[in-house]
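Peer 1: Okay, handing you the structure first.
The values are calculated or read from the model by the stated rules, or taken from the named source; none is laboratory data. These numbers were taken from a predicted model, which means no experiment stands behind them. Note: ideal-geometry Cβ built from the backbone for every residue, glycine included; neighbour counts use all protein chains shown. Note: accessible area is taken over every heavy atom of the protein model, side chains too, but ligands, DNA and RNA are not part of it. Shrake-Rupley method; radii C 1.70, N 1.55, O 1.52, S 1.80 Å.
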Amino acid sequence: MRPFLLTAGRVAGGGTGPPLPVETQVVATSSGLSALGSLAFEQHDIVAACRRPQSVAELAARLRLHLNVVRVLAEDLRAAGHLAVHVPDAGTTQDISVLRRVIDGLRAVPDSRDTLRDSG
């Protein structure tokens with residue numbers, strides 16, 4: 001399915017701020033977990049996958065969704081109270097282990113042909 005169909009053509013979430021950074025940690029809230037049965041397909045998958053905290057990049061890779069789709073839907077889910085979002089401070093984003101995890105997560109995201117990017 002085309003990414004713009006999943007986000008209704010939006011390239012940013014419902015908030016007025018910048019898009020979520022790829023290293024942002026997201027985790028399901030108790031209200032999000034209890035609302036699983038009423039969420040649409042991708043929203044359901046995101047909340048269900050966020051039972052434990054993970055970065056937006058890791059989530060996109062795990063669900064095989066476009067990174068910007070996950071950003072937009074995560075913003076929507078945060079606005080609805082279904083996800084808690086934790087943006088790391090600037091010092092954390094300079095940590096080499098965090099950067100390596102983000103790079104590995106991005107490499108695991110399939111491209112438009114549904115093939116994985118070169119891991120080397």
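Peer 1: Criterion first (touching a strand residue (DSSP E or B) at 6+ places or on another chain (Cβ under 8 Å) and at pLDDT 90 or above) does Ala84 satisfy it? Before the answer, list the steps.
Peer 2: On the way: touching a strand residue (DSSP E or B) at 6+ places or on another chain (Cβ under 8 Å): yes; at pLDDT 90 or above: yes.
It is true that Ala84 is touching a strand residue (DSSP E or B) at 6+ places or on another chain (Cβ under 8 Å) and at pLDDT 90 or above.
Peer 1: Which one is modelled with the highest pLDDT among residues in the stretch 42-75 that are open to solvent by less than 70 Å² (accessible area, probe 1.4 Å) and over 19 Å from His86 (Cα atoms)?
Peer 2: This residue is His44.
Peer 1: Right, something else. Could you list, in sequence order, all residues of the stretch 90-107 that are open to solvent by 80 Å² or more (accessible area, probe 1.4 Å) and at pLDDT below 70?
Peer 2: Listed by number, the list holds a single entry, Gln94.
Peer 1: Using the structure shown, decide if Leu6 is farther than 21 Å from Arg107 by Cβ, modelled with pLDDT of 90 or more, aliphatic (A, V, I, L, M) and open to solvent by 30 Å² or more (accessible area, probe 1.4 Å). Full working, then the answer.
Peer 2: Values: farther than 21 Å from Arg107 by Cβ: yes; modelled with pLDDT of 90 or more: no; aliphatic (A, V, I, L, M): yes; open to solvent by 30 Å² or more (accessible area, probe 1.4 Å): yes.
For Leu6, the condition - farther than 21 Å from Arg107 by Cβ, modelled with pLDDT of 90 or more, aliphatic (A, V, I, L, M) and open to solvent by 30 Å² or more (accessible area, probe 1.4 Å) - is not met.
Peer 1: Oh, and also: Check Val47, Val87, Val56 and return the single one that is touching a residue at least 12 places away in the same chain (Cβ under 8 Å) and in contact with a His (Cβ under 6 Å, 6 or more places away or on another chain). Show your work before the answer.
Peer 2: Values: Val87 fails: in contact with a His (Cβ under 6 Å, 6 or more places away or on another chain); Val56 fails: in contact with a His (Cβ under 6 Å, 6 or more places away or on another chain).
Result of the check over Val47, Val87, Val56: Val47.
Peer 1: Restricting to the stretch 26-41, count the residues that are surrounded by fewer than 18 Cβ atoms within 10 Å (Cβ to Cβ) and under 11 Å from the mean Cα position of the chain (by Cα).
Peer 2: 1
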